[in-house]
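Undergrad: Please see the structure below; I have some questions.
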Amino acid sequence: MKVIQALPRMNVGGVERGVVDLAKYLKNKDTQNIVISGGGRLVGELRNEKTIHHTMPIYSKSPLSLLLIPRVKKILYDNRADIIHARSRVPAWISFFASRGTETDFITTAHGVYSTKFSSRIMGWGKFVICPSKTVARHMRENFGVPEEKIVIINRWVDLDKFRFTDYTARKNNNVIVSIGRISPAKGYQYLIEGFKKLVRFNPYLTLKIIGPADKSKTKYFSQLQTLVNRFSLNYNVKFVGHKSDIENALVEARLLVAPSIKDESFGRVVVEAFACGVPVVATKIGGFNEIVEDGVNGYLVKPKSANAISDAILKVLNDSEKTSAMTINARKKVEELYTLDKCALEINNVYQKTKSTKRIAVLKISALGDIILIIPTLKMLRESFPDADISLITLKKYSTLFNDCPYVDKVIGVSSEYKKMPNIRQIARKLRCQGLDYIIDLQNNRATHLISFLSFPRQSFGFSRKLGFLLTKRGRFPKKGTIGPLESQERITSFLGLKFKQKELKFWQRAPHNISNLSLGDKPLIGINVSASLRWSTKNWPKESIAKLIETIQKALLSHRVVLLGDKSTVSLAKEIESLCKGKPINLCGKTTLPDLIEVLKKLDVFLTPDTATLHLAQSLGIDTIALFGPTNPKAHTIKDKNLHVICKNLPCSFCYAPKCKTYDCMQQITVSEVFTKIKELIRK
């Protein structure tokens, strides 16, 4: 496996040192690491380990950094990289877009508690998001919408060969207190200095060493700290050491370490390093420190922004050698249990393996109900082809319950019927981006879904070249209306993944029964009649007079059966007209059934008669003998051949006009009651 690590620079620091450690460790696990960075002191160490390093300025926060995307994409192609692992925001933006349309997976490590600016959202777009602590994981969930299943918590580690344990009895007479971290207001050094002033009264020989660089942007804060030291007359006791690359040596002479941060720390690497060396720790009770330090067991936790709390905890360490010694032993045991390179690097390698074996697929089929039912074979094929994949279906909310127990999808994302509006498109895309999708299969193929597919930024997207199809990474030519069947059309898209139907059939999965006792269907066998297609397609409807005459014929000739009328709320008045035109009384359920109700009613039918509408496909998928009446639309283009589907269609010069309205309605009027009744009798006998 080839993994590319992308980070701003390779200067000395926790993240950078971790990349070097990982490269050394994983080369023995058949995982080759390649590093892209802006260069730095540790590049030499990488090259000593024969790790390839590409130098480019992926640290600049200028939008011009995005011009590096083609260069990074070329590295992905040339190395046939399996994964690109981004460890900071600017490299993440470049890496993410470089990996789009490729076979390279994108993952991130969220090393900090990032601001909620849009620029930080990229850190949640990886297929997996590695977090060094529960604090960071919670932040990524709550503020960036990262799904729980994408988050992996892996602690940072310490090299126990470098950070060797020294028993506290050998350091209890030292007078050096250290605090390690960059000079920044978030580190709370002013409270440490103020608390240290109190300690010097008891022991004037104590020294506080603050180890860490001061960036130019923090010059004002650094000056304030120096002024504070002067005001407290601590010039002799407080030393600003600046950058120090050998932290292990700084800890050798330390009596204790204080971490006085006032903002959530993502982890607390210096605390773990102190634990490893046997240096007692006082840390503020925030962020990652809470997960490492157990108050009074392996260190002390204090209230942030409290100089008195810091000084009191330090005095506890200095005045009780026996307890402090026990705490340092507990601290070392925790490091050996949770924070070793072997343990943490192995967990990262496991994430790499899982990344390559995990597929996340979204299928866009938002409307209409009949077309949604017709994609069931595609969902089934995807599940069979990717048995371990996370498959999502994006459809209208009113249809989402139909797929709640579908074994072919893991989640159903319901959207508003106004999904085509730009604010809704952005909202849907934002939700899908957080999924870290490999593939989007756009079976809707309109402008809105093409935009959703594009703005969701999957690794690859598939659909037809119509509308805004150029936004998809792979697209096929849109077939002319009525020329091929629905499965052939879907297969043109799934073929981009190398998938073709082994068996072309429309079959519903086994659903749990739904109680419809309130519908009073009686005990007789039932023949169902769907009275109307959608209001928009009046040309699809069989005349109401023909339906009324068929009901009378059935009630006279088939005394063993009853007729049940089905339709949505828009058909209520039509159903009443049909009842008024025929003698006898069918069971009228028009406008009275929910979608789950309708499924249960269809299951009870011996035969179902319907025009070209959604209920046709639903009945067929349930294995019901279905008589489908076609006129303006081509049955070859809108049905799936099956032994339980029986099409009646007149071949007229004007057939398959696809006109929603007509002056004559000849194609449907020429279907006779006699031929429909004959087919019903034939199916009942069967």
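Undergrad: In segment 129-145, is there at least one residue being within 30 Å of GLU253 (Cβ to Cβ) and among the hydroxyl-bearing types (Ser, Thr, Tyr)? First the steps, then the outcome.
TA: Step one: of segment 129-145, the residues within 30 Å of GLU253 (Cβ to Cβ) are 132-133.
Remaining after also requiring among the hydroxyl-bearing types (Ser, Thr, Tyr): 133.
Yes, the conditions are met somewhere in segment 129-145.
Undergrad: Still on this structure, I have one more. Output the residues belonging to segment 27-73 that are touching a helix residue (DSSP H, G or I) at 6+ places or on another chain (Cβ under 7 Å), surrounded by fewer than 16 Cβ atoms within 10 Å (Cβ to Cβ), under 19 Å from ASN349 (Cα atoms) and without any contact (Cβ under 8 Å) to a residue 60 or more places away in the chain.
TA: Answer for segment 27-73, where residues must be touching a helix residue (DSSP H, G or I) at 6+ places or on another chain (Cβ under 7 Å), surrounded by fewer than 16 Cβ atoms within 10 Å (Cβ to Cβ), under 19 Å from ASN349 (Cα atoms) and without any contact (Cβ under 8 Å) to a residue 60 or more places away in the chain: just GLU49.
Undergrad: Given (1) farther than 17 Å from ALA274 by Cβ; (2) part of a helix (DSSP H, G or I), identify the lone condition not met by MET327.
TA: It fails just one condition, (1).
Undergrad: Report, by residue number, each residue of segment 154-168 that is acidic (Asp, Glu) and touching a residue at least 24 places away in the same chain (Cβ under 8 Å).
TA: Keep residues of segment 154-168 that are acidic (Asp, Glu), which gives 159, 161, 167.
Result: ASP159, ASP167.
Undergrad: Scan segment 111-124 for residues that are of a type outside the set (Ser, Thr, Tyr), part of a helix (DSSP H, G or I) and surrounded by fewer than 22 Cβ atoms within 10 Å (Cβ to Cβ) and jot them down.
TA: As a first pass, look at segment 111-124 and keep what is of a type outside the set (Ser, Thr, Tyr): 111-113, 117-118, 121-124.
Checking the rest, the ones that are also part of a helix (DSSP H, G or I) come to 118, 121-124.
Scanning segment 111-124 gives PHE118, ARG121.
Undergrad: Keeping to segment 413-444, report how many residues are out of contact with any helix residue (DSSP H, G or I) (no Cβ under 7 Å at 6 or more places or on another chain), outside any loop (DSSP other than H, G, I, E, B) and among the small types (Gly, Ala, Ser).
TA: So the answer is 0.
Undergrad: Within segment 241-261, restricting attention to residues that are part of a loop (DSSP other than H, G, I, E, B) and modelled with pLDDT under 95, which residue is surrounded by the fewest Cβ atoms within 10 Å (Cβ to Cβ)?
TA: ASP246
Undergrad: Just to be sure, is PHE496 surrounded by 14 or more Cβ atoms within 10 Å (Cβ to Cβ) and in contact with a helix residue (DSSP H, G or I) (Cβ under 8 Å, 6 or more places away or on another chain)? Before you say what the answer is, go through the steps one by one.
TA: Values: surrounded by 14 or more Cβ atoms within 10 Å (Cβ to Cβ): yes; in contact with a helix residue (DSSP H, G or I) (Cβ under 8 Å, 6 or more places away or on another chain): no.
When the stated conditions are applied, PHE496 does not pass them.
Undergrad: Now for a different question. Please tell me if ILE599 is closer than 22 Å to GLN669 by Cβ, assigned to a helix (DSSP H, G or I) and of a type in the set (Val, Ile, Thr).
TA: Values: closer than 22 Å to GLN669 by Cβ: no; assigned to a helix (DSSP H, G or I): yes; of a type in the set (Val, Ile, Thr): yes.
Considered against the rule, which asks whether it is closer than 22 Å to GLN669 by Cβ, assigned to a helix (DSSP H, G or I) and of a type in the set (Val, Ile, Thr), ILE599 comes out as no.
Undergrad: Let me ask you something else. Quick one: in segment 423-453, of everything that is free of Cβ contacts under 8 Å to residues at least 24 places away in the same chain and out of contact with any Ser or Thr (no Cβ under 7 Å at 6 or more places or on another chain), which residue is nearest to LEU472 (Cα to Cα)? Talk me through it step by step, then tell me what you get.
TA: Within segment 423-453, the subset free of Cβ contacts under 8 Å to residues at least 24 places away in the same chain is 423-424, 427, 450.
If we keep only those that are out of contact with any Ser or Thr (no Cβ under 7 Å at 6 or more places or on another chain) as well, we get 423, 427, 450.
On the way: PRO423: 20, GLN427: 19, HIS450: 7 Å.
The qualifying residue nearest to LEU472 (Cα to Cα) is HIS450.
Undergrad: Exactly one condition in (1) over 20 Å from LEU402 (Cα atoms); (2) in contact (Cβ under 8 Å) with a residue 40 or more places away in the chain is not met by THR615; state its number.
TA: Of (1) over 20 Å from LEU402 (Cα atoms); (2) in contact (Cβ under 8 Å) with a residue 40 or more places away in the chain, only one is false for THR615: (1).
Undergrad: Moving on to the next point. PRO387 is checked against (1) assigned to a loop (DSSP other than H, G, I, E, B); (2) buried (at least 18 other Cβ atoms within 10 Å of the Cβ); (3) of a type outside the set (D, E, K, R) and fails just one. What number does that condition carry?
TA: (2)
Undergrad: From the residues in segment 1-18 that are of a type in the set (A, V, I, L, M, F, W, C) and modelled with pLDDT under 90, which one is surrounded by the most Cβ atoms within 10 Å (Cβ to Cβ)?
TA: So in segment 1-18, the residues of a type in the set (A, V, I, L, M, F, W, C) come out as 1, 3-4, 6-7, 10, 12, 15.
Narrowing further to those that are modelled with pLDDT under 90: 12, 15.
Working: VAL12: 17, VAL15: 19.
By that ranking, first place goes to VAL15.
Undergrad: Quickly run through segment 508-532 and pick out the residues that are assigned to a loop (DSSP other than H, G, I, E, B), more than 29 Å from the chain's Cα centre (by Cα) and closer than 19 Å to LEU402 by Cβ. Please lay out each step first, then the result.
TA: Within segment 508-532, the subset assigned to a loop (DSSP other than H, G, I, E, B) is 508-516, 520-525, 531-532.
Still in the running and more than 29 Å from the chain's Cα centre (by Cα): 513-516, 520-525, 531-532.
Correct list: PRO513, HIS514, ASN515, ILE516.
Undergrad: Write out, first by first residue and then by second, each pair whose Cβ atoms fall under 9 Å of each other, whose residues are 6+ apart or on separate chains, and whose first residue, in segment 206-231, is on the phi < 0 side of the Ramachandran plot while the second is surrounded by 14 or more Cβ atoms within 10 Å (Cβ to Cβ) and among the acidic types (Asp, Glu).
TA: LYS209/GLU253; LEU228/GLU194
Undergrad: I've got another one for you. Failed condition for ASP371, given (1) closer than 28 Å to VAL19 by Cβ; (2) in the same structural domain as ASP438 (by TED's automatic domain parsing); (3) acidic (Asp, Glu), with all others met?
TA: Checking ASP371 against (1) closer than 28 Å to VAL19 by Cβ; (2) in the same structural domain as ASP438 (by TED's automatic domain parsing); (3) acidic (Asp, Glu), the one that fails is (1).
Undergrad: Checking the structure you have, find out if any residue of segment 554-574 is surrounded by fewer than 16 Cβ atoms within 10 Å (Cβ to Cβ), of a type in the set (A, V, I, L, M, F, W, C), touching a helix residue (DSSP H, G or I) at 6+ places or on another chain (Cβ under 8 Å) and outside any strand (DSSP E or B). Write out each step before concluding.
TA: Here is the first cut: in segment 554-574, the residues surrounded by fewer than 16 Cβ atoms within 10 Å (Cβ to Cβ) are 556-557, 559-560, 569-570, 572-573.
Then keep just the ones that are of a type in the set (A, V, I, L, M, F, W, C); that gives 557, 559, 572.
Imposing the further condition that a residue be touching a helix residue (DSSP H, G or I) at 6+ places or on another chain (Cβ under 8 Å) reduces the set to 557.
Still in the list and also outside any strand (DSSP E or B): 557.
Yes, the conditions are met somewhere in segment 554-574.
Undergrad: Residues of segment 353-371 being touching a strand residue (DSSP E or B) at 6+ places or on another chain (Cβ under 6 Å) and outside any loop (DSSP other than H, G, I, E, B), which ones?
TA: THR355, ARG360, ILE361, ALA362, VAL363, LEU364
Undergrad: May I pose another question? Could you tell me whether segment 135-151 includes any residue that is in contact with a helix residue (DSSP H, G or I) (Cβ under 6 Å, 6 or more places away or on another chain), within 28 Å of LYS359 (Cβ to Cβ) and among the acidic types (Asp, Glu)? Before the answer, list the steps.
TA: Step one: filter segment 135-151 for residues in contact with a helix residue (DSSP H, G or I) (Cβ under 6 Å, 6 or more places away or on another chain), giving 140, 144, 146, 151.
Then drop every residue that is not within 28 Å of LYS359 (Cβ to Cβ), which leaves 140, 144, 146, 151.
This time we only want the ones that are among the acidic types (Asp, Glu), so: none.
For segment 135-151, residues in contact with a helix residue (DSSP H, G or I) (Cβ under 6 Å, 6 or more places away or on another chain), within 28 Å of LYS359 (Cβ to Cβ) and among the acidic types (Asp, Glu): absent.
The values are calculated or read from the model by the stated rules, or taken from the named source; none is laboratory data. As the structure is a computational prediction, the values presented were derived from the model and not from experiment. Cβ atoms come from the backbone with ideal geometry, glycine included; neighbour counts cover every protein chain shown.
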